[in-house]
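What follows is a short report on a single structure.
The values are calculated or read from the model by the stated rules, or taken from the named source; none is laboratory data. Treat the numbers as computed from the prediction; the structure is a model and nothing was measured. Please note: Cβ atoms are built from the backbone with ideal geometry, for glycine as well, and neighbour counts cover all protein chains shown. The area values use the complete protein model at the heavy-atom level, side chains included, leaving out ligands, DNA and RNA. Shrake-Rupley method; radii C 1.70, N 1.55, O 1.52, S 1.80 Å.
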Amino acid sequence: MDMARVAVIATLDTKGGEAEFLRSCLEELGHEALILDTGLLGPPRIAPDISRHEILKLAGVEDLEALRPNGKTALMDAMTGGLRDMAVKLQSEGKIQGVLSLGGGQGTAVSAAAMQALPIGFPKVIVSTIACGTARFGDYVGDRDIVMIPSIADICGLNGITVPIFVSACGAVAGMIEAGRLADWKPSGRRVALTMAGVTTRCVMRVKEILDEKGYEVIVCHCNVVGAQVIDEYAGAGRLDGVIDITPHDVGGMLFGGLMSCRPDRFANIYASGIPVLTVPGAVDFILKGPAGEVDEELLSRPHYRHTPFHTHIRTTREEMYRVGAYLAERHNGCKGRNAILVPEKGYSQQNAVGGLIYDPDANRGFVQGVLEHKADSVEFRQRELHINDPEFADEIVAVFERLMETGKGSG
C-alpha cells in the first residue's frame, strides 16, 4: 500500500504523548501522521505540524489570549469552526487520506464537528472517553460515517488498556484507507432514493428489485432521520434523479415526539430540486417510543405492540394522521418537479392490516382527509385498495414513479 497521510487531532497540552504514540504506530504501518493541535490551555507537549494558532486563524482569531476573557464557549466555538475549515481544506486538497482523533468530552466535540464536514467514505475514527453506553451518539456522528472507539480508560498516558486501543485505532484508519481503493463506484444509471423501515421492508425490497432490473442505481435509506438528511444533501448537490418516499415515519416523529424525529426542513433540497417525488404514507401510522416500561400510561392505553425490547409502536389517532397528511401535502405543494402521493387503503405498515395489532381504517382515513384538504391541484393523488406490503402495490409505486420520471425535470 502506498504511504498515506493521516490527520491526528489532539489537545497537545494534555495529550501530547498519546498523539506522539499514534504517530509512531502509523509510521510502523507505513503511513505518515500530520498532527493538529486543538489545545486551548497550556503549551503543547510536542511540536505540532499544524498549530492551534493556524487553526484559529481560519476562524478569524488572530490572538488566542485576547479571546480568552470571552470564556470557554467562545474558545470552543472558534476552535470548532477553525478545525472544520482546516479539515475540509486538507481533504479537498488531497493532503490527508484519513483522520484520527483522541479526546475527552471537549476534544471529541471539536473533532467530531470537523469530521461531520468531511465526505461519506473518507476514513474518520475517534478514540473517546465519552463513547459509552450512556452517550447520545447522534450529536457526535451526525449524518456521517464516523467510527467511535471507547477508550475504556481515560486518555491519560500509555498503559495496558490504552495502548492496545490506540493501536487498534491506528489499524482501523489504515485499513479504511487501504480498503478505500475498492470503493471506486460509478453510478450504473439514474440514481433514485427510497426510504424504508422494517415494517415496510417487503414493499421497498420489491420496488428496489424492479428498479434494479430497469437499470436504476437505488439508494435505500432507513427512516432513522440520517438517511433523509443525506439524500437531501445529495439532491442539493444534483446527485439524485428521483425520490420515492415510501416511509416518511420521521415526519410523525417530529410532530408527535417519536424517537426518530426529522428536522422541520426535511427534504427541502429534494422538493426544490425539480426531480420527481413520490410519497407513500408508510409507517406514519405509529409513534416510535422506547421500552414499554418507560412509555406514558396514556399512550399505552392506545393499540400498541413491542417491536423490539427497546422500541414500542404506539398507534396514531385519526387527528394525528390528519396532521401528517396535511404536513406532507403542504410540502408537496412546494415541489418544483412532478410529484404525487399514493395511498394503500388497506394499511400503511406490517401491523396496520386486517387482523393486525394497530389496524384502524378510520384513523388511516384521517391521513387521506389531511392530504385532500391541503394539497394543491398540482399534486397528483391516488389511492389503491391494497396493503402497502402487497406486491401489487409495489408494482403500482414503480408505475407511477416511472410516469413522473418520463414527464421530465421541472415540468410540474
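Observations on the structure shown:
- Counted residues, region 383-407 - those being among the β-branched types (Val, Ile, Thr) and under 16 Å from Met205 (Cβ atoms): 3
- Helices (runs of 4 or more DSSP H) wholly inside region 1-102 containing at least 3 residues that are in contact (Cβ under 8 Å) with a residue 60 or more places away in the chain and small (Gly, Ala, Ser): none
- Residue within region 390-410 that is under 14 Å from Ala283 (Cα atoms), open to solvent by less than 60 Å² (accessible area, probe 1.4 Å) and either in contact (Cβ under 8 Å) with a residue 40 or more places away in the chain or more than 26 Å from the chain's Cα centre (by Cα) (or both) present: no
- Long-range neighbours under 7 Å by Cβ, at least six apart or interchain, first residue on the phi > 0 side of the Ramachandran plot within region 307-333, second at pLDDT 95 or above and of a type in the set (Ser, Thr, Tyr): none
- Selection status of Ala363, over 29 Å from the mean Cα position of the chain (by Cα) and crowded, with 21+ Cβ neighbours inside 10 Å: yes
- Considering Leu40, Leu26, Leu36, the condition of being surrounded by 18 or more Cβ atoms within 10 Å (Cβ to Cβ), among the hydrophobic types (A, V, I, L, M, F, W, C), in contact with a helix residue (DSSP H, G or I) (Cβ under 7 Å, 6 or more places away or on another chain) and at pLDDT below 95 is satisfied by Leu40 alone.
- Those residues of region 43-60 which are more than 18 Å from Arg5 (Cα to Cα) and either open to solvent by 30 Å² or more (accessible area, probe 1.4 Å) or more than 31 Å from the chain's Cα centre (by Cα) (or both), in sequence order: Pro43, Pro44, Arg45, Ile46, His53, Glu54, Lys57, Leu58, Ala59, Gly60
- Here Gln116 does not qualify as under 22 Å from Asp37 (Cα atoms), out of contact with any Asp or Glu (no Cβ under 9 Å at 6 or more places or on another chain) and either exposed (fewer than 14 other Cβ atoms within 10 Å of the Cβ) or not acidic (Asp, Glu) (or both).
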